[in-house]
Amino acid sequence: MRNLILTLDSTGYPNSWMSWQDAVLLKVKGLIAWELGEEEYTFRGGISRMTGEQSKVDVSSIIAVKSKFKYEKRSPVFSNRNLFRRDLHTCAYCVKTFIDADLTKDHIHPESRGGKTSWMNCVTACKRCNNRKDNRTPEEAGMMLSYVPYVPDKSEALILQNRNILADQMKFLLNFVPKHSRMWSLM
């Protein structure tokens, strides 16, 4: 099975992706608060010597994990990889799509002039555009941004992390994606 299980905290907010093996372990240990989703997987184990029956565990595609911790509206860790995913691998200046190796992180307000490395001051740029912009602001370089940077939501980050999202998982996650997200352009 290639699909991951979407885990939620006990209040129902998206938390992370989990392998089916870890989900089965949580189920057997009684650590799943409730399950949701249209997809359900049945995993079979060994034959019991006492009953002669094969063991089986059913796990849904979306599970809420029993936990005393509650959802925190934290943004994902800032990294080039997450930045490129947030910007859909699209250069903020020439609006072309590139592979990771051809992309760079561009500071809108240059780092050497006090600009911080943050979600709101960085955009994805191809190497050519980043070299052209150099150590200037977009206005000084005569290069306009084609989109506005923003801090991604945790649910958006979960969508960007998993290439094999099931329809029920996507439908659930989209309930948490902010309306300003570029994820809506993919739908």
Within 10 Å, at most 13 other Cβ atoms, and a DSSP state outside H, G, I, E, B define an exposed site. Report the longest part of the chain free of exposed GluC sites (Glu not before Pro).
73-187
Rounded accessible area of VAL148 (nearest 10 Å², 1.4 Å probe):
110 Å²
Excluding ligands, DNA and RNA, what is the solvent-accessible area per residue of the chain at a probe of 1.4 Å, expressed in Å²?
59 Å²
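So, with a 1.4 angstrom probe, what is the percent of accessible area on the chain that is carbon and sulfur? Each step should come with its number before you reach the end.
Values: 5720 of 10970 Å².
Carbon with sulfur: 52 percent of the solvent-accessible area.
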Using only the alpha carbons of region 83-126, determine the length spanned along each of the three principal axes and report them from longest to shortest in whole angstroms.
29, 16, 16
State, to one decimal in nm², a quarter of the convex hull surface area for the C-alpha atoms of the chain, i.e. the direction-averaged projected area.
13.2 nm²
Once the principal axes of the Cα atoms of region 1-98 are found, what is the range along each, listed largest first in whole angstroms?
68, 31, 23
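What does the charge count near TRP34 come to, summing +1 for each Lys or Arg and -1 for each Asp or Glu among other residues with Cβ under 14 Å from its Cβ? The partial results should precede the final answer.
Working: positive: LYS27, LYS66; negative: ASP9, GLU35, GLU40, ASP58.
Local net charge: -2.
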Tell me the Rg and the Dmax, in Å, that the Cα atoms of region 73-169 produce.
14.0, 46
Please grab the % of Cα pairs in region 135-187 that end up more than 16 Å from each other.
49 percent
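Greater than 29 Å separation of Cα atoms is the criterion. Which listed pairs, LYS105/LYS154; LYS105/LYS171; LYS29/LYS154; LYS27/LYS154, meet it? If you can, show how the numbers build up before the last one.
Details: LYS105/LYS154 21 Å; LYS105/LYS171 31 Å; LYS29/LYS154 27 Å; LYS27/LYS154 25 Å.
Violating the 29 Å Cα-Cα cut-off are LYS105/LYS171.
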Sorting ILE165, ILE5 on solvent-accessible surface, 1.4 Å probe, most exposed first, gives ILE165, ILE5
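May I ask you to rank LYS127, LYS154, LYS96 by accessible area, largest first, using a 1.4 Å probe over the protein chains only? Could you put the intermediate results ahead of the total?
On the way: LYS127 100, LYS154 35, LYS96 120 Å².
Highest to lowest solvent-accessible surface, that is LYS96, LYS127, LYS154.
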Check: C-alpha center region 86-128 vs C-alpha center region 1-38, spacing in Å is 35 Å
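The values are calculated or read from the model by the stated rules, or taken from the named source; none is laboratory data. Only a predicted model underlies this, so the values are computations on that prediction, with no experimental measurement involved. Cβ atoms come from the backbone with ideal geometry, glycine included; neighbour counts cover every protein chain shown. Protein only, heavy atoms only, side chains kept; ligands, DNA and RNA dropped before computing areas. Shrake-Rupley method; radii C 1.70, N 1.55, O 1.52, S 1.80 Å.
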